[in-house]
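> First, the structure itself, so that you have it in front of you.
The values are calculated or read from the model by the stated rules, or taken from the named source; none is laboratory data. Quick caveat: nothing in here was measured; it's all calculated off a predicted structure. Here the Cβ positions follow ideal geometry from the backbone for every residue, glycine too, while neighbour counts run over all protein chains shown. Each accessible area value is taken on the protein alone, full model and side chains, heavy atoms only, with ligands, DNA and RNA left out. Shrake-Rupley method; radii C 1.70, N 1.55, O 1.52, S 1.80 Å.
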Amino acid sequence: MNQLWAYLIIEELVRNGIDYFVISPGSRSTPLTVGVAQNSSAQHIICVDERGAAFHAVGYARATGKPAVLICTSGSAAANYFPAVIEAAIDRVPMIILSADRPPELRQTGANQTINQVNLYGAYPNWQFDLPCPTAEIDPNMVLTTIDLAVSRSQQSPSGVVHLNCMFREPLAPTDAPIDIPASLRQWHESHAPYTRYARKLTIPAAVEIQSLIKIIQGTIKGILVVGQLKSPVEINALLRLAAKLNWAVFADIQSGLRLSDDLPNLVHYFDLLLLTDRSILLEQIDTVIQFGTRIVSARWLKWLEKHPPTHYVAIVNDAERHDPSHLVSLRIEADIAEIADRLAQDLLPFPRSSWVQQLRQASDTIGVSVDKFLKAPQLAEPSIARTLSQLIPNQHGLWVANSMPIRDLDMYGAKDGVGTRIGANRGTSGIEGAIAAATGFATGLQTPLTAIVGDLASLHDLNSFALLQRSSQPVIVIIINNDGGGIFSFLPIAKSTQIFDPYFGTPHGLNFSHAAAMFGIDYYHPLDRSELIEKYIRSLEHRCSAIIEVTTDRAENWQFHQDLQQYL
């Protein structure tokens, strides 16, 4: 019965198009692991560290829009998924967890490797179910309908985490006997379709709300289209069509996939830096801001809006969460982003180009020229690392950006060189964990080589995931920016408390990653200036295998460099 139920679980997932499994070794999960191993359509990766496994799954889902399936044994194994569960839940990333568990007679008895796994993740999952031990007394059709519901609840808006806690009694190992398919499942067994197909659900606002938004747009003279995180090429292309129709100024966050391209003449690439110049006066009286997608990286822009609120602030998101930390939203529309963007593009007449938008674009381009001049020096400052990589990364090559300084530097200083790359980041909770694991999952999902920009503390935190670099199906070049601690804290008020700052916040560690790279058999480079960085990066691209490029910077010098650069503008 264990073999039968595990076969049904894995086969039904595959029939639903969910065919990527992230497996951590363990005994109680043996039936599930064997089910994957014996299914020729199931793809998999083995990940010893469950925390890394879960973030690998998050990266994969960000790239594909569909969940990876996590499989682990009983006990604390599933607890190690929790940080990634929170990230996926908050940022609406699909994920399916199959945690193996002891049978009910062993619960709360002191049995080895047994904890309370029921509702382990609290309110974070979209749906969770305690799957009973396989038995002939339960119709196996229940297993199939449970999996079909799990897939739907993980993917249908709002997408997110599903946890199936799967109890198994011994014996766990498979037998040589063929699986006996019950008569009630013969028709299903002979087909290739899921048992229950869930129709796609679209969230479409009422026509009166669409007309209300169109009326706001038509009455707007100074309008800004703010583009936050977009989750698919379909959403990106829909926003490009709408932006071309509106001819409003476009402020694109790095997570949007638009920030590093130059496909739109109304794209204001350096809107964050523009706020540091006297040209910011252009943004003091805005009629309308329409934001597609969730939160953006630029805290400076959010603070600006608080001081200079627009007449209308419209938020268009695809879930029921508020997404309004500044409490400025005047109209909130929950809808499929691509659908509503295309609907608006169809219903609106083209807007003429405005001199105001042209002024913003010219001011932004001037900033870009100044940034280029300032960052041409051979010195390997952190803004120049971000800009240089944005200029070198090949078209259609994936990019993963870790939190703290890397994503901020790329958002502010990334070049507009027409790069058509997919960009991923974990900004649900903006945590330090799982950066390298998520990058490998993103590369696997995209099925393209990938560059990841990661800080030293994030790399130390995820050191186990160097093993995933070694076995990644796609080459991942990890740029580790090693400033010997937490560089972002130098930009916070606590940095002025010099006696406690370094040991408690700066946290210097005095380590480099050469020995770690050697341990995992990964190519390692340590460029000393900008020209060497360019050379080593290009060499890594040509080798088409995973590599670590460690760049050493100084935290104090980095803070001063940022100040000097912003003064130069």
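> Mind putting together the pair-distance distribution for the range 345-413? All Cα pairs, 10 Å bins, whole percent per bin, short to long.
Going out from 0 Å in 10 Å bins, the range 345-413 shows 16, 33, 28, 19, 3, 0 percent.
> Still on this structure, I have one more. How would you order 184-193, 269-278, 316-325, 506-515 from highest to lowest mean count of nearby Cβ atoms within 10 Å? Numbers along the way, then the final one.
Details: 184-193: 11.6, 269-278: 20.6, 316-325: 16.0, 506-515: 13.9.
Put in order of decreasing packing, that is 269-278, 316-325, 506-515, 184-193.
> Moving on. Please report the spacing between the Cα centers of the range 252-326 and the range 164-183 in Å, no decimals.
That distance is 54 Å.
> Only Lys, Arg, Asp and Glu count, each charged at its Cβ (+1, +1, -1, -1), so figure out the dipole size of the chain about its Cα centre, rounded to 20 debye. Walk me through the numbers on the way to the answer.
Details: 44 positive and 55 negative charges, 205 e Å.
Dipole size: approximately 980 debye.
> Under a 1.4 Å probe, what is the accessible area of the chain per residue, stated in Å²? Intermediate results must be reported in sequence, preceding the final value.
Values: 23120 Å² over 569 residues.
That works out to 41 Å² per residue.
> Kirkwood Rh and Cα-based Rg: tell me the resulting Rg over Rh for the range 1-100, rounded to two decimals.
0.94
> Now for a different question. What is the percent carbon and sulfur in the accessible area of the range 1-77, measuring with a 1.4 Å probe over the protein chains and ignoring ligands?
Values: 1040 of 2070 Å².
That fraction is 50 percent.
> Within the chain, count lysine pairs with alpha carbon atoms under 23 angstrom apart where the residues are 8 or more positions apart or belong to different chains.
Lysine pairs, 8 or more places apart or on different chains, close enough: 16.
> Computing the accessible area with a 1.4 Å probe over protein heavy atoms, can you report the carbon and sulfur percentage for the range 136-279?
On the way: 3490 of 6490 Å².
With neighbouring chains kept in place, the figure for the range 136-279 is 54 percent.
> For q = 0.12, 0.15, 0.19, 0.21 Å⁻¹, what log10 I(q)/I(0) does the range 403-479 give under the Debye formula with an equal point scatterer on each alpha carbon and no solvent?
Treating every Cα as an identical point scatterer, log10 I(q)/I(0) equals -0.32, -0.51, -0.82, -0.99.
> Find how many whole Å separate the alpha carbon centroid of the range 506-569 from the alpha carbon centroid of the range 449-499.
Answer, in whole Å: 10.
> In the range 440-492, carbon and sulfur make up what percent of the accessible area (probe 1.4 Å)? Provide the component values of the computation, followed by the final result.
On the way: 770 of 1400 Å².
Carbon and sulfur together cover 55 percent of it.
> Whole Å is fine, so just give me how far the alpha carbon centre of the range 96-130 lies from that of the range 66-90.
When both Cα centres are located, 12 Å separates them.
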